[in-house]
Each structure stands twice: as structure tokens, then as C-alpha cells.
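Shown next, in C-alpha cells, is the structure this report addresses.
The values are calculated or read from the model by the stated rules, or taken from the named source; none is laboratory data. For clarity, every value in this text was computed on a predicted model and none was experimentally measured. Note that each Cβ is placed from the backbone with ideal geometry, even for glycine, and that neighbours are counted across all protein chains shown.
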């Protein structure tokens, strides 16, 4: 098995990881990105962004390409599509073992992001790829002239619902409350969209189908009345859970599993930093992930400098 040594290893190649790579490169340390998928992270699947400064409107994939090109300028090595088997953050050096290689580093920046939360209802798992999807941009075109339901009331849910109206004849937005949590500007656009219909105070309790989804079973949270909603697809957007499979138990996390850090992105382990959606943070956006990555890398460089100091 091949062995690699670096000053810093960045786990994850989304906006937090790529930003960390840029700042690590500027800090003149040897750094590498290890990712379980292709570089770019979740934003690569976004059709467009309109809240990243300097770009009034830009495709998510295009923006992440620019991030990656910038990181490449500093010669940061990338190891995409790595199947991780084990991570030891407590040892010094830190060790990451994948199916292909073993990596060691004096510091680690965890930027593994978060994934869409599951509804956890009967039929959800069984119909993934056959009517249940967590990515409207990826799968929206399959629902041309069909009826779909989006579950959730935040920005992601409402924006993806509007995107789905480009294809579907009808899009239901199912929300457990009686008002949306999305930004007001997003709400205003949604309420003007004639293809959108809102179902309030309701949750999905089951997804039914044969070969493909044909029904979402809804329950009103106030009356507990159940109804069958005829749909061809269900898109859950009810929040995110952190990608922490290989680090849980080694590091301090909150009740939902998000990694706890201080203002320098330092975790409970010396030499280990967390950035972006994987950490406990009040806002999860591309810009905040990029900012976290910058802070984490700067302080990882400072930490490495302390290791060089010779005690008197």
C-alpha cells in the first residue's frame, strides 16, 4: 500500500476544503485534499447561486471549478474518489487509511460537509432512485409533465421546488408548520409561482408505489387526519446531518453530531480543525464554508509552527 506524508490533510473538497487548500498553499506547507467523491462538494449540484459575493448569478459547478483552479495554483495534491476505511485523529501524526493508500499528517482539517436528512418513513429507502430523490438539479428532468412533492420549508426546499416547476406540471410543498422558514425574497417568488401549491401543518408518514412512487401519505400535525397525495416523486429537504462517520467518538460533537470548534476552527483535539457544514454553526452557506476553511487553514499553519519550536 502506498504511503503519503503531508503537513496538513484536508478531508473534503467542497468550498470549505478548497478554501482551506488555498490558504494552506499560501502558508507554504505541504497539503492534500482527500475526498470520497469528486472535488467540488455539494454546491456542484446547485443549478445556480445568487448570494456569493462578486457573482450576482453563477452556476454551482462553475463556481466550484473556480475554487478548484485557485487551489491548483498552489500545488495542493488531490486524492478524489477515496474509500475511507479508518481515521485516527488522536495519534501524532494523524493517520487516514483508504482502500488505495495510507496518509499521515501533523494536522487535519475536517471539511466533509453534511448530507440531506432522511424522512425515516416506510418506503423512503425502498424508492430512492424510483421516485425519491434528494437532488432536484440531478433528477428534476425525469419528472417532466409529472406531479412531485417537496418536503420542507427552508431556503433549500423552496428554491428546489421552484426549480422543479421547470419540468413538473405540479409541485406540492409540504411543511410541518403553517409558515415557511425560507428568506422573504424566496417566499415572495414562490407564492407567485402558479405551479406551486403549499400543504401546511403536514408531514409525510409513508411513501407508496409499485415499480415507481405513486402516493405520499400525509398526516396533519394538528388534527392527525391522514390523506393520500398522488405524486410521482418526493424530494425531502428537511435539513442536514454531518458527514462524521469516521471521526465520531474521537472528537467533541453536539447532540446532532456536528463538530464543536472554537473561533479558530480548532476542535477538541490539538492539530485538528473543522470547517464548513460539518461543524456546529448558525449558518450553512458557501460563503461561510469558504470563510471557515480560510480560518482553519491559517491556524493549522500556526499550529505547525509551534511544533517546530525547540523547548529551552
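Here are a few things to note about the model shown:
- Verdict on residue 38 being out of contact with any strand residue (DSSP E or B) (no Cβ under 8 Å at 6 or more places or on another chain), more than 30 Å from residue 305 (Cβ to Cβ) and buried (at least 18 other Cβ atoms within 10 Å of the Cβ): no
- Listing of strands (runs of 3 or more DSSP E) fully contained in the range 98-173 that carry 2 or more residues being farther than 26 Å from residue 83 by Cα: 147-151
- Residue within the range 246-256 that is touching a residue at least 60 places away in the same chain (Cβ under 8 Å) and under 29 Å from residue 137 (Cβ atoms) present: yes
- Criterion violated by residue 210 - all others in (1) surrounded by 18 or more Cβ atoms within 10 Å (Cβ to Cβ); (2) out of contact with any strand residue (DSSP E or B) (no Cβ under 9 Å at 6 or more places or on another chain); (3) under 23 Å from residue 227 (Cβ atoms) satisfied: (1)
- Test result for residue 11, surrounded by fewer than 21 Cβ atoms within 10 Å (Cβ to Cβ) and on the phi < 0 side of the Ramachandran plot: no
- Being assigned to a strand (DSSP E or B) and assigned by TED's automatic domain parsing to the domain that holds residue 247 holds for only one residue in 85, 62, 68, and it is 85.
- Taken over the range 41-62, the residue count meeting the criterion of being on the phi > 0 side of the Ramachandran plot and surrounded by 18 or more Cβ atoms within 10 Å (Cβ to Cβ) is 1.
- The sole residue among 107, 133 that is within 26 Å of residue 192 (Cβ to Cβ), in contact with a helix residue (DSSP H, G or I) (Cβ under 6 Å, 6 or more places away or on another chain) and buried (at least 19 other Cβ atoms within 10 Å of the Cβ) is 133.
- Residues of the range 157-179 that turn out to be more than 15 Å from residue 193 (Cα to Cα) and buried (at least 19 other Cβ atoms within 10 Å of the Cβ), as a count: 2
- Screening the candidates 252, 263 for the property of being exposed (fewer than 14 other Cβ atoms within 10 Å of the Cβ) and closer than 20 Å to residue 87 by Cα yields one hit, 252.
- For the criterion of being within 30 Å of residue 140 (Cα to Cα) and either at pLDDT 95 or above or surrounded by fewer than 21 Cβ atoms within 10 Å (Cβ to Cβ) (or both), residue 5 fails.
- Any hit, the range 295-305, residues being surrounded by 12 or more Cβ atoms within 10 Å (Cβ to Cβ), touching a helix residue (DSSP H, G or I) at 6+ places or on another chain (Cβ under 6 Å) and without any contact (Cβ under 8 Å) to a residue 60 or more places away in the chain: no
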